[in-house]
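Okay, structure first, notes after.
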Amino acid sequence: MARNLENTGFICEHCGEEILPVTNGRYRNHCPFCLYSVHLDILPGDRKSGCKGLMKPVHLTYKSKKGWQVVHQCLTCGMQQACRVAVDTVQPDSQKAIAGVNQSSK
């Protein structure tokens, strides 16, 4: 998929907020307000999942090469996926929402 098609804005299916594309050279896959996502990928960025279930933020993890990541669990199929916390961009991830997610190191 073309990079410009991967980094697009959307309306959050959980809280209804309008979400803008990130501006820091990465991709946004979750809402910066409530941290929910949608199960779109099988592999990061491929948009090949047929599930399309809502993904709840279940915990944070820290990886030395990627930094803090939100781990989402699909409410439909149970799959878990991690995505970097969005910082240094328009609409950075809400610190209040991040503080509300359990933290773990893996």
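The values are calculated or read from the model by the stated rules, or taken from the named source; none is laboratory data. Keep in mind that what you see is a predicted model, and the values were worked out from it rather than measured. Note that we place each Cβ from the backbone using ideal geometry, even for glycine, and neighbour counts take in every protein chain shown. Note: accessible area is taken over every heavy atom of the protein model, side chains too, but ligands, DNA and RNA are not part of it. Shrake-Rupley method; radii C 1.70, N 1.55, O 1.52, S 1.80 Å.
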Q | DSSP beta bridge pairing in the chain, given as percent antiparallel to the nearest 5 | A | 80
Q: Would you pull out the residues with amide H under 5 Å of His59's amide H, same chain only if 5 or more places away, H placed 1.01 Å from N?
A: Val71
Q: Report the FRET efficiency, 1/(1 + (r/R0)^6), for Asp46 and Trp68, where r is their Cβ-Cβ distance and R0 is 30 Å, rounded to 0.05.
A: 0.80
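Given a 1.4 Å probe and every protein chain left where it sits, what share in percent of the accessible area of the chain is carbon and sulfur? Don't skip to the end; give the middle numbers.
Values: 3400 of 6400 Å².
Its accessible area is 53 percent carbon and sulfur atoms.
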**Q.** Å² of accessible area per residue within the chain, as computed with a 1.4 Å probe and no ligands counted
**A.** 60
Q: Bin width 10 Å, alpha-carbon pairs only: give the P(r) of the chain as whole percents, running from 0 to the bin holding the largest distance.
A: 16, 51, 32, 2
Q. In Å, what Rg and Dmax follow from the Cα atoms of segment 56-105?
A. 11.1, 32
